[in-house]
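Structure record follows, encoded as structure tokens.
Computed from the coordinates by the stated procedures, all read-outs in this text should not be read as laboratory data. In this text, all values refer to a predicted model and were calculated from it rather than measured experimentally. Methodologically, a virtual Cβ is constructed for each residue, glycine included, from the backbone with ideal geometry; neighbour enumeration extends over all protein chains shown.
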Amino acid sequence: MKNPIDWQKILLECKNNIKTNIQPCLKTLKQPQPNLGMGAGGDAMKPVDLAAEKAIIDTLQHHDVSFTLISEESGIKKSGSTPEECYLTVDPIDGTTNLIHGLPFYASSIAVSRKPELSDVYVGMVVDLFHDVIYTAFRGEGAYRDGVKIESSKNAFLDDAVVGLDLNTFKYKDSISKVTAIIENTKHIRHFGANALEICYVANGLTEAFIDLRGKIRTTDVAAGFLIVKEAGGIVTTPDNQPVNVKLDPMQKLSFIASGNMQIHQKIVSLVKP
Ligand SMILES: [Mg+2]
């Protein structure tokens with residue numbers, strides 16, 4: 001019988017190895033970035049994305065973990081003798097555009113599940129790579145920022161709230177009416193450009209909610225963050241207030257609302273126009 005996998009240790013090693021592996025890429029950001037084609041999630045791949053992904057794969061293989069990788073970059077890859085026993089849903093770098101532009105907001109996201117389903121994720125880690133901060137959650141055991149327990153905001157009032165809203169490449173002519181009421185009723189709207197980390201900001205109570213209604217975000221970006229915010233006391237649903245339950249796949253896309261508490265969540269849901 002195999003020993004249980006020490007995810008705490010392995011994920012910390014992943015974080016350290018990602019940081020080491022991407023160092024050479026960070027030094028050449030001012031140079032034109034080579035075109036490496038499209039990643040499995042549909043974005044152009046950069047050397048830094050692949051360097052981070054390699055760090056994750058190498059770390060797992062070093063620990064002799066069999067896994068099925070579900071990655072924004074390489075798509076679905078199997079490794080080891082029993083890859084169907086462990087699914088690793090990964091966005092090696094979330095916020096690559098920020099990184100390349102020198103904007104200090106980008107992350108790595110790793111989620112672990114026994115089935116390729118979002119609802120089955122039981123371990124999640126998001127690493128704020130610029131600030132060297134690690135957010136983790138184990139299902140049923142709470143959420144942590146650098147090992148210190150975190151809780152989402154209890155503020156129920158949008159007129160006193162900071163709410164993240166992803167409008168990037170939003171087809172606003174078709175859909176702006178969905179979000180106008182939220183913008184009009186919220187004290188401060190923000191978007192920093194790395195959804196995995198922005199969901200952790202909700203978990204940590206730095207913002208009251210994060211909303212993405214574009215139908216474009218991938219499970220690779222949110223799988224870890226959703227567990228972290230829920231373990232911190234937050235709520236995650238679809239825009240029509242249903243549980244988000246989709247397949248973990250690089251091509252799977254969704255819309256969601258993540259909130260710090262039920263009261264503010266219900267207000268946001270009521271303001272979203274179908
Ligand atoms: Mg990415």
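Restricting the trypsin sites (Lys or Arg not before Pro) of region 2-36 to loop positions (DSSP other than H, G, I, E, B) with no more than 15 neighbouring Cβ atoms within 10 Å leaves K2, K30.
Relative to the 2.2 N^0.38 Å rule of thumb, region 1-49 has a C-alpha radius of gyration ratio of 1.61.
Computed about the Cα centre, the dipole magnitude for region 75-179 is approximately 260 debye when only Lys and Arg (+1) and Asp and Glu (-1) carry charge, each at its Cβ. Approximating the spin labels as points 7 Å out from Cα along Cα→Cβ, the N16-to-T169 distance works out to 3.7 nm. Only DSSP H runs of four or more residues enter the estimate; each adds -39500 (n - 2.57), and after division by the residues of the chain the mean residue ellipticity at 222 nm equals -10000 deg cm²/dmol.
Per residue, the convex hull spanned by the Cα atoms of region 108-167 measures out at 152 cubic angstrom. From the largest down, region 121-274 spans 41, 36, 30 angstrom on the principal axes of its Cα atoms. When the pairs K187/K267; K178/K216; K15/K54; K54/K149; K19/K46; K77/K247 are compared against a 18 Å limit on Cα-Cα distance, K54/K149 fall above it.
If the chain linking E84 and A181 were pulled fully straight, counting 0.36 nm for each residue of separation and taking away their Cα-Cα distance, it would gain 30.5 nm. For trypsin sites (Lys or Arg not before Pro), the sites in region 120-223 that DSSP calls loop and that have at most 10 other Cβ atoms within 10 Å are K171.
Taking every Cα-Cα distance in the chain and sorting them into 10 Å bins from zero, the calculated P(r) comes out as 7, 32, 36, 20, 5, 0 percent. Sparsely packed loop sites in region 94-189 (the GluC sites (Glu not before Pro) outside DSSP H, G, I, E and B with at most 15 other Cβ atoms within 10 Å) comprise E141.
Using unit Cβ charges (K, R positive; D, E negative) and no other charged atoms, how large, in debye to the nearest 20, is the dipole of the chain about its Cα centre?
340 debye
Computed from label points 7 Å out along Cα-Cβ, the spacing between R114 and D64 is 2.2 nm.
Between T97 and H188, the FRET efficiency from the beta-carbon distance, with R0 = 22 Å, is close to 0.45.
Full extension of the chain between R139 and K216 gives 25.1 nm of extra length, using 0.36 nm per residue less the Cα-Cα distance.
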